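S.K.: I'd like to ask some things about the structure below.
The values are calculated or read from the model by the stated rules, or taken from the named source; none is laboratory data. All values derive from a computational prediction rather than experimental measurement. With ideal geometry, Cβ positions are generated from the backbone for all residues, glycine too; neighbour counts draw on all protein chains shown. Note: accessible area is taken over every heavy atom of the protein model, side chains too, but ligands, DNA and RNA are not part of it. Shrake-Rupley method; radii C 1.70, N 1.55, O 1.52, S 1.80 Å.
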Amino acid sequence: MRALLPSLGLAALFAASFANAADLVVYSARNEQLVKPIFERYEQETGLKIQYLTDREAPLMARLQAEGRRTQADLFITVDAGNLWQAGELGLLRPVQSELLSDAIPAHLRDPQNRWFGLSVRARTLIYNTERLDPASLSTYEALAEPEWKGRLCLRTSKKVYNQSLVASLIEAHGSAEAERIVRGWVDNLAVAPFANDDDTILAVAAGRCDVAIVNTYYLGRLKRDRPELPVTVFWPNQSEGERGVHVNVSGAGITTHAKRPEAAQAFLEWLASVPVQEKFAGENLEFPAREGVALDPLVEGWGPFRPDLINVSRAGALQAEATMLMDRVGYR
Ligand code: FE
């Protein structure tokens, strides 16, 4: 396995002779520390060689576009259905017919056109300060717009794709006008200005600057792994009969339109969806496996079961622009 340096020139980087040495070339917007152990395991099991390039999703997608049919990338890995959807819309990914993948990955966690597949699930849920709040006072995302939460809510910035996907799910569930009323209510209830990241949002709840917040659970998991004394835990909202469930998103992957080794890419994708690898892929970052019936990390298991929103995650992409404009209108920074 060889990690490629993003700073190298495009032509030099993927000179044909170089890529020829690889059995699979991956562009990954997921951190090297998360994907490297998985690539190494695959290489050990199969004897194949993977070359990869990690960068943020926008430059990787721009690169795939610029390289076009000359690209050496076979597989694109990223977080958030909004990003996967965009890669699909840009024509960067090809449909894959695989019974193995369709059986392994639930329908709401993959592209209806089979151009990408969710591989891990991230739940964007409520967290609360266990010393200041009785969880019986919590119920739904929507209820956080009510006046009783004035000055008690913390949120991450609306610039993050995670919140754009969350608001997209509100638009899908309630329509634009009602979604706008809810998000305006959230903004009215903020205890402090939105935070740059989920970690700071969680630490604000732990410090008692706010009672409740909306974050991805793996950030809480990582913080609690190091600091189990933090008085913060998870609440699963929208669980009552007839309610839509917890907002979930995915990290996932798709085979590039111009893949030179599409069979190898499909075999790797199917391997990623297998039970033992699902356990590792999700566990590495304290996420949830996309595949059902796979063991959870004990820390994650400790938060108890929840019912997810079954709306297809690709809707987050389709409604992303509308969600961004909505958040702008209500002054959600
Ligand atoms: Fe994240």
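S.K.: Can you report the number of residues in the range 69-94 which are open to solvent by 40 Å² or more (accessible area, probe 1.4 Å) and closer than 23 Å to GLU292 by Cα?
M.R.: Residues flagged as open to solvent by 40 Å² or more (accessible area, probe 1.4 Å) and closer than 23 Å to GLU292 by Cα within the range 69-94 amount to 1.
S.K.: For the range 298-333, which positions are in contact with a Phe, Trp or Tyr (Cβ under 9 Å, 6 or more places away or on another chain) and not aliphatic (A, V, I, L, M)?
M.R.: Taking the range 298-333 first, the residues in contact with a Phe, Trp or Tyr (Cβ under 9 Å, 6 or more places away or on another chain) are 300, 303-308, 313-318, 320, 326, 330, 332.
Of everything in the range 298-333, those that are in contact with a Phe, Trp or Tyr (Cβ under 9 Å, 6 or more places away or on another chain) and not aliphatic (A, V, I, L, M) turn out to be TRP303, GLY304, PRO305, PHE306, ARG307, PRO308, SER314, ARG315, GLY317, GLN320, TYR332.
S.K.: Just to be sure, is GLN239 surrounded by fewer than 21 Cβ atoms within 10 Å (Cβ to Cβ) and either farther than 19 Å from ILE50 by Cα or in contact with a helix residue (DSSP H, G or I) (Cβ under 7 Å, 6 or more places away or on another chain) (or both)?
M.R.: yes
S.K.: Still on this structure, I have one more. For the structure I just gave you, tell me whether ASN249 is more than 15 Å from the ligand (Cβ to nearest atom), at pLDDT 95 or above and either assigned to a loop (DSSP other than H, G, I, E, B) or more than 21 Å from VAL330 (Cα to Cα) (or both).
M.R.: Details: more than 15 Å from the ligand (Cβ to nearest atom): no; at pLDDT 95 or above: yes; either assigned to a loop (DSSP other than H, G, I, E, B) or more than 21 Å from VAL330 (Cα to Cα) (or both): yes.
Criteria not met by ASN249.
S.K.: Here are the criteria: (1) within 21 Å of ALA316 (Cβ to Cβ); (2) open to solvent by less than 30 Å² (accessible area, probe 1.4 Å); (3) in contact with an Asp or Glu (Cβ under 8 Å, 6 or more places away or on another chain). Tell me which single one ILE38 does not satisfy.
M.R.: Of (1) within 21 Å of ALA316 (Cβ to Cβ); (2) open to solvent by less than 30 Å² (accessible area, probe 1.4 Å); (3) in contact with an Asp or Glu (Cβ under 8 Å, 6 or more places away or on another chain), only one is false for ILE38: (1).
S.K.: Scan (1) among the hydrophobic types (A, V, I, L, M, F, W, C); (2) within 16 Å of the ligand (Cβ to nearest atom); (3) without any contact (Cβ under 8 Å) to a residue 60 or more places away in the chain for the single condition VAL192 breaks and write down its number.
M.R.: (2)
S.K.: A further question follows. Which pairs have Cβ atoms under 6 Å, sit 6 or more apart or on different chains, and link a residue in the range 206-222 that is assigned to a strand (DSSP E or B) to one that is within 15 Å of the ligand (Cβ to nearest atom) and of a type in the set (S, T, N, Q)?
M.R.: Listed by first residue and then by second, the contacts come to ALA213/THR201; VAL215/THR201.
S.K.: Right, another one. Limited to the range 252-282, what total is found for residues that are touching an Asp or Glu at 6+ places or on another chain (Cβ under 9 Å), modelled with pLDDT of 95 or more, part of a helix (DSSP H, G or I) and open to solvent by less than 10 Å² (accessible area, probe 1.4 Å)?
M.R.: Looking only at that region, the number is 2.
S.K.: Can you tell me how many residues within the range 153-182 are assigned to a helix (DSSP H, G or I) and either open to solvent by less than 10 Å² (accessible area, probe 1.4 Å) or within 16 Å of the ligand (Cβ to nearest atom) (or both)?
M.R.: Residues that pass the stated criteria total 12.
S.K.: Then there's this: How many residues are away from the ligand (no atom under 16 Å from the Cβ) and either part of a strand (DSSP E or B) or not charged (D, E, K, R) (or both) when one looks only at the range 113-141? It would help to see each step written out before you state the result.
M.R.: So the first thing to find is which residues in the range 113-141 are away from the ligand (no atom under 16 Å from the Cβ), and the list is 113-117, 126, 128-141.
Then drop every residue that is not either part of a strand (DSSP E or B) or not charged (D, E, K, R) (or both), which leaves 113-114, 116-117, 126, 128-130, 133, 135-141.
Counting residues in the range 113-141 that are away from the ligand (no atom under 16 Å from the Cβ) and either part of a strand (DSSP E or B) or not charged (D, E, K, R) (or both) gives 16.
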